[in-house]
Amino acid sequence: MKTIIHMLVTLFVIGVISGGLLSQISGWAEPQIEAHKIASTQKAIFEVQPDAKDYKKVESVSFEVYEVMNDNKEVIGYALPYEGNGFQGKIRLMLGLTADLNQVVGLKVLEQVETPGLGTKIVNDPSNKKDSKWFSSQFNGTKTEPAITAVKNQKPSKDTEIQAITGATISSKSVVAIVNSSIESLRKALKEVK
């Protein structure tokens, strides 16, 4: 009986100490994680909008979107961080669009938890020695109307198509769905503002 009480007290003390340490570490790490997320978002804006010289957050919409401007402070497009479901979990990306929302300027996957070696090719494909970022690069210049689609086992034949990754079709189609959803959301939001 004494041994059982001793074990329970020991486990209780270890649990309290571990819980307190985890809480302290979480409190310390959370602001750093948020600062890193903000910095990666700012960097991604200029990656998906290479001609941009400045940007500002659009406050009149309910989600995060940025107007990007040239040297003359003229709006040349939008940078839109957006997320949706992938095969394994959430995919968060940054999408660059022209000012009329009719063409993709650039795309960068910011966060993903897809299957290593397959779904992770949405970010980097080490098997493609010429262009390891071929998947996201093919969105550059893609027309957004009527909607972007993914084709399997063939080269795109329309300016609204991208080629899906062999073995990671669900991840590819998920990125396309997130892109289409983000464009539709931005179109609606901008119509409501006007």
With both partners inside the stretch 73-194, how many of the DSSP beta bridges are antiparallel, as a percent to the nearest 5?
85
Suppose the chain between Lys43 and His6 were pulled fully straight at 0.36 nm per residue; how much longer would it get relative to their current alpha carbon spacing?
7.9 nm
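Size of the dipole of the chain about the Cα centre, Lys and Arg at +1 and Asp and Glu at -1 on the beta carbon, nothing else charged, in debye to 20?
Numbers: 23 positive and 21 negative charges, 102 e Å.
Using Cβ point charges on Lys, Arg, Asp and Glu, the chain gives about 480 debye.
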Which residue fluctuates the most in the chain, going by a Gaussian network model with Cα springs under 10 Å, if the choices are Gly86, Gly15, Gly106?
Gly15
Anyone know which of Val58, Val104, Val179 comes out most mobile in the 10 Å Cα GNM of the chain?
Val58
Given Cα pairs under 8 Å that are at least 6 residues apart, what percent is the relative contact order of the chain?
14
Can you give me the angle between helix 2-48 and the longest principal axis of the chain, using Cα atoms only, in degrees from 0 to 90, rounded to the nearest 10?
20
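Carbon-plus-sulfur fraction of the accessible area of the chain, 1.4 Å probe, in percent?
Working: 6640 of 11720 Å².
Within the chain, the accessible surface is 57 percent carbon and sulfur.
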Given a 1.4 angstrom probe, what's the average accessible area per residue across the chain, in square angstrom?
60
Hey, of (i) 39, 38, 33; (ii) 45, 32, 31; (iii) 77, 42, 32, which did the structure itself give for Cα extents along the principal axes in Å when calculated?
(iii)
Distance between modelled label sites at Lys133 and Glu74, nm, 7 Å Cα→Cβ extension
2.7
Hey, which of these cross-link pairs are over 22 Å Cα-Cα: Lys43/Lys188; Lys57/Lys188; Lys37/Lys143?
Lys43/Lys188; Lys37/Lys143
Taking the chain as a Gaussian network, where each spring joins two C-alpha atoms under 10 Å apart, which residue of Leu11, Leu22, Leu95 fluctuates the most?
Leu11
If you take every residue apart from Ala52 with its C-beta less than 14 Å away from the C-beta of Ala52, what net charge results, scoring Lys and Arg +1 and Asp and Glu -1?
0
Spatial separation of Cα centroids for the stretch 13-43 and the stretch 129-194, in angstrom
34
Kirkwood Rh and Cα-based Rg: tell me the resulting Rg over Rh for the stretch 1-66, rounded to two decimals.
1.43
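The values are calculated or read from the model by the stated rules, or taken from the named source; none is laboratory data. All of these numbers come straight from a predicted model, not from anything done at the bench. Every residue, glycine as well, gets a Cβ built from its backbone with ideal geometry; the counts of neighbours run over all protein chains shown. Areas reflect the complete protein model, heavy atoms only, side chains present, ligands, DNA and RNA absent. Shrake-Rupley method; radii C 1.70, N 1.55, O 1.52, S 1.80 Å.
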